[in-house]
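J.: Below are the structure tokens for one structure; questions will follow.
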Amino acid sequence: LLGSNCERGGAEREAGTTLRPSGLITLTTDFGGKDWFVGTMKGVVLGINPAVVVVDVTHEIPSGDVRAGAFALASSCSYFPRGTVHLAVVDPGVGSARKAIVVRTANYLFVGPNNGVLGGAVAKETIREIFSLENPAYSLQPISRTFHGRDVFAPAAAHLSRGLNPQKLGPRLPDLVRLSYPHPQTSGPHIQGEILYVDRFGNAITNIGQDFVPNLGGRTPSLAVCRRCRAPVKAFYQAVVSGRPVAVIGSNGTLEIAVNNGNASEKFGLRRGDPVILRASRR
Amino acid sequence: LLGSNCERGGAEREAGTTLRPSGLITLTTDFGGKDWFVGTMKGVVLGINPAVVVVDVTHEIPSGDVRAGAFALASSCSYFPRGTVHLAVVDPGVGSARKAIVVRTANYLFVGPNNGVLGGAVAKETIREIFSLENPAYSLQPISRTFHGRDVFAPAAAHLSRGLNPQKLGPRLPDLVRLSYPHPQTSGPHIQGEILYVDRFGNAITNIGQDFVPNLGGRTPSLAVCRRCRAPVKAFYQAVVSGRPVAVIGSNGTLEIAVNNGNASEKFGLRRGDPVILRASRR
Amino acid sequence: LLGSNCERGGAEREAGTTLRPSGLITLTTDFGGKDWFVGTMKGVVLGINPAVVVVDVTHEIPSGDVRAGAFALASSCSYFPRGTVHLAVVDPGVGSARKAIVVRTANYLFVGPNNGVLGGAVAKETIREIFSLENPAYSLQPISRTFHGRDVFAPAAAHLSRGLNPQKLGPRLPDLVRLSYPHPQTSGPHIQGEILYVDRFGNAITNIGQDFVPNLGGRTPSLAVCRRCRAPVKAFYQAVVSGRPVAVIGSNGTLEIAVNNGNASEKFGLRRGDPVILRASRR
């Protein structure tokens with residue numbers, strides 16, 4: 001459902017069952033930049049694998065917002081080389097009974113809490129195996145009750161980036177927690193979808209994929225309506241005058257509502273979950 | 001005009017016309033840290049050149065503020081080794097007719113949209129050649145209409161960091177878009193300049209270079225006046241008591257107005273474009 | 001006093017007096033992400049040592065807040081490999097008479113202004129020697145009066161990361177500036193401590209170490225009281241219902257006050273310096 005996922009050409013890219021480390025670990029967290037949390041995780045990683053390159057996807061996921069973390073990971077993971085370890089830590093249940101897991105797919109290793117944060121990214125991946133991170137040999141001891149990013153996830157990701165077989169990390173699990181995303185509904189010339197994410201520019205990214213959008217750039221102009229915003233569908237932001245709303249196919253491959261040189265979310269009060277109606281324009 | 005530029009000793013440093021890659025790419029964008037945009041660009045870069053080191057200059061340029069992006073790039077680029085690829089993406093016209101370009105100078109390769117964001121950095125550089133990024137072999141296909149940072153600029157920068165001849169990227173252009181910066185005006189014992197940039201400390205960086213400042217640290221104390229702020233010219237911030245304004249020659253080599261242990265921009269409402277008068281003090 | 005310090009197993013790890021570079025430099029500053037300051041420092045570092053890996057601890061220390069910078073560095077430094085160069089620049093006195101220093105300890109090299117920012121990290125380290133950074137051969141010339149991060153500290157750290165003997169950097173100093181931290185006071189079944197730091201989640205980290213906390217997880221439930229917050233001591237955040245306060249042993253090894261799925265600092269107005277009483281619960 002998400003506009004992008006982590007299997008762009010995955011079938012072709014896979015040869016056999018091996019997954020050679022790319023030498024990269026990505027980080028997606030809600031730890032923010034204010035404190036020492038992310039830096040500390042990198043210290044742990046580099047102490048275990050000095051040759052690895054750690055790439056920040058983002059650390060500004062709103063505190064505890066698993067859904068936003070899942071969206072960010074799903075939107076970015078496929079742009080990394082095969083064999084990359086993707087680590088996502090948005091983990092309000094840290095220290096409780098929720099499990100820490102690694103998911104090996106056809107192209108990547110995903111590490112994080114089993115609370116759905118990995119769900120978007122693996123949605124269209126071919127999952128090979130899932131393990132629970134329980135082997136104390138691959139964590140910092142003693143494990144704190146509040147910072148598994150440092151004590152559990154960073155060590156696991158670092159060992160995996162060195163080629164450790166994931167089954168060494170703990171017992172096999174049959175499945176992982178997934179998040180459900182709404183599908184757009186088609187009704188004649190109307191499509192009803194909803195906003196999945198609002199980005200830093202205030203662009204509202206919807207779940208209406210480009211295959212749903214009728215006549216994009218063609219003869220029948222279409223209109224996206226959300227709250228009091230009425231945005232014509234165009235090919236790029238500056239196709240409307242400055243300050244005006246516009247709906248474009250964004251970089252995730254889905255419709256997004258923007259304001260040229262402005263902030264659509266602020267101007268129209270758009271938020272995640274808001275319904276969006278896409279329809280043929282009256283004129 | 002900018003206090004610093006990217007040709008510190010450039011003439012001496014250049015030997016012939018080759019420009020050997022330094023192994024570094026810098027990034028200056030308005031993508032922010034909230035989303036996955038920057039991380040995704042790095043994934044693309046590292047997929048093409050796994051050995052390159054990517055350095056963030058900043059991603060917090062105000063959304064669409066080409067002038068601020070140009071200032072940040074111009075203030076930092078010369079501190080990187082010769083052969084570095086400087087990529088700047090502040091690109092409100094993404095998807096429109098504006099071109100994406102690479103500028104080869106005596107010391108660096110600059111990549112970005114042709115909207116002025118590269119203008120400050122190349123202002124005192126010796127420009128060798130300019131090309132338009134049009135060769136589809138060096139971009140991600142299909143190119144989205146909203147995220148050329150990922151689909152056009154990151155791949156181009158990555159290939160250049162591997163030593164690709166820039167002329168492979170597209171047709172030659174005669175010149176690039178530049179931004180005009182105001183020059184300070186001298187009138188007797190007064191100099192009138194203006195604020196070019198306000199930094200995170202609230203320091204207001206002006207266009208009055210150190211060669212303009214009379215008697216700095218000498219016998220005639222001078223005063224910088226901007227809005228209701230009257231700041232004596234001193235050698236460093238703590239030369240005035242805490243909470244008081246002070247004007248110093250900042251790290252760009254130009255006069256800046258600060259408040260010791262405080263925020264001059266907030267205290268006095270200083271903003272980019274405000275006129276600044278530098279004059280001999282009355283006492 | 002700080003919950004963590006930089007000598008985790010330091011005695012055992014040290015063999016002789018050599019300190020082989022780890023190939024890492026960490027950065028802890030108040031430069032923020034808005035401008036080009038951090039990127040510029042990295043350019044200088046990589047120009048001197050192209051092979052070094054630079055890890056950001058944080059750049060969001062509040063402007064000039066030496067105490068917060070010291071806390072962040074002390075909380076993270078021990079998680080990096082032995083031989084890492086830790087550079088901390090929170091430096092409101094830049095350009096004044098305060099010295100720039102390097103401290104060689106049993107495990108690390110610490111570089112920064114001599115204003116206390118290194119004090120927390122070296123508190124339980126075995127200090128070997130301290131030098132003042134005065135040798136112009138290892139700085140950028142001319143040295144600006146406002147940006148020693150770029151002109152003094154970054155070059156020194158880069159040279160040290162290549163194995164330069166610290167005594168080459170300048171004259172030896174007998175000691176460094178330290179910060180004093182309050183000790184918790186025990187009075188019968190009560191312990192009075194205080195808040196040392198509030199993190200991005202709004203968790204209030206205290207100076208009450210886990211060795212002080214009576215019966216943690218045992219039969220006598222305990223209560224942490226701070227302003228109008230009454231937080232039961234539990235093993236992890238989700239041991240209380242969503243929105244309720246909870247006191248846990250945090251990742252620094254000291255008691256912290258949190259709100260499950262919320263922000264304790266905002267909810268209860270908790271701030272650094274606030275007293276915290278830990279006591280046996282009435283029930």
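J.: Counting only other residues whose beta carbon sits under 10 Å from that of residue B:205, what net charge do I get with K and R as +1, D and E as -1?
T.: Spelling it out: positives minus negatives among the neighbours equals -2.
J.: For the residue pair residue B:178 and residue C:263, what label-to-label distance in nm results when each label sits 7 Å from Cα along the Cα-to-beta-carbon direction?
T.: Those two pseudo-labels are separated by 4.6 nm.
J.: Let me ask something else about it. If packing is taken as the mean number of other Cβ atoms within 10 Å per residue, what is the order of A:165-171, B:151-157, highest first?
T.: B:151-157, A:165-171
J.: Karplus couplings for the stretch B:69-77 from phi (6.51 cos²θ - 1.76 cosθ + 1.60, θ = phi - 60°), rounded to Hz, Gly and Pro as x?
T.: Karplus-based 3J(HN,Hα) across the stretch B:69-77 equals x, 4, 5, 4, 5, 5, 7, 10, 4 Hz.
J.: Just the Kirkwood number for the stretch C:56-131, please: inverse of mean 1/r across all distinct Cα pairs, in Å, one decimal.
T.: Over the stretch C:56-131, the inverse of the mean reciprocal pair distance is 12.4 Å.
J.: Right, next: Find the relative contact order for chain A and round it to a whole percent, using C-alpha pairs within less than 8 Å whose residues are 6+ positions apart.
T.: After rounding, I find 17 percent.
J.: Taking a temperature of 4 °C and a viscosity of 1.567 mPa s, what whole-number D in µm²/s does Stokes-Einstein yield for the protein assembly as shown with Rh from Kirkwood over alpha carbon pairs?
T.: Translational diffusion coefficient: 46 µm²/s.
J.: Residue farthest toward the positive end of the dipole of the stretch B:132-267, with Cβ of Lys/Arg at +1 and Asp/Glu at -1: which of B:176, B:136, B:263?
T.: Farthest towards the positive end: B:263.
J.: Under a point spin-label approximation (7 Å from Cα along Cα-to-Cβ), what is the residue B:167-residue B:211 distance to one decimal in nm?
T.: According to this spin-label approximation, the distance is 3.5 nm.
J.: Additional query: For the stretch B:79-222, just run the numbers: alpha carbon Rg, then divide by 2.2 N^0.38 Å, N being how many residues it has.
T.: 1.32
J.: If the cut-off is a Cα-Cα distance under 19 Å, which lysines reach residue C:42, setting aside same-chain residues fewer than 8 apart in sequence?
T.: Candidates past the 8-residue exclusion: A:42, B:42, C:34.
J.: Looking at this model, which pairs from A:267/B:267; A:234/A:267; A:99/A:168; B:234/B:267; A:124/A:234 are more than 23 angstrom apart at the alpha-carbon?
T.: A:267/B:267; A:124/A:234
J.: Multiply the residue separation of residue A:126 and residue A:241 by 0.36 nm, subtract the distance between their alpha-carbon atoms, and state the gained length in nm to one decimal.
T.: Here the answer is 37.0 nm.
J.: Given H placed 1.01 Å from N in the peptide plane, which residues other than close sequence neighbours of residue C:173 have an amide H under 5 Å from its amide H?
T.: C:130, C:131, C:132
J.: According to a simple spin-label model (label point 7 Å from Cα along Cα-to-Cβ), what is the distance in nm between residue A:227 and residue C:271?
T.: Label at residue C:271, label at residue A:227, 3.3 nm between them.
J.: When B:19, C:223 are ordered from fewest to most other Cβ atoms inside 10 Å of their Cβ, what list results?
T.: Ascending Cβ contact count within 10 Å gives the list C:223, B:19.
J.: Roughly what angle does helix A:37-48 make with the longest principal axis of chain A, taking Cα atoms, 0 to 90 degrees, to the nearest 10?
T.: With rounding to tens, the tilt is 50 degrees.
J.: Identify, for chain A, the residue whose C-beta comes nearest the rotation axis onto chain B, and round that distance to whole Å.
T.: Residue and rounded Å distance to the axis: A:33, 4.
J.: Output wanted: per-residue J couplings in Hz (rounded whole) for the stretch A:256-264, from phi through Karplus 6.51 cos²θ - 1.76 cosθ + 1.60, θ = phi - 60°, x for Gly and Pro.
T.: So the Karplus estimates, Gly and Pro as x, are 10, 9, 10, 10, 4, 6, x, 10, 5 Hz.
J.: Taking 35 Å as R0, compute the FRET efficiency from the Cβ-Cβ separation of residue A:20 and residue B:18 and round it to 0.05.
T.: Rounded to the nearest 0.05, the efficiency is 0.50.
J.: Could you compute how fast chain B diffuses translationally, taking Rh as the Kirkwood radius over C-alpha pairs and applying Stokes-Einstein at 20 °C with viscosity 1.002 mPa s? Give it in µm² per second.
T.: For these conditions, the coefficient is 108 µm²/s.
Read the figures in this text as sums done on the coordinates, not as results from a lab. Since we're looking at a predicted model, the values are computed, not measured. Ideal geometry is used to build each Cβ from the backbone, glycine not excepted, and the neighbour counts take in all protein chains shown.
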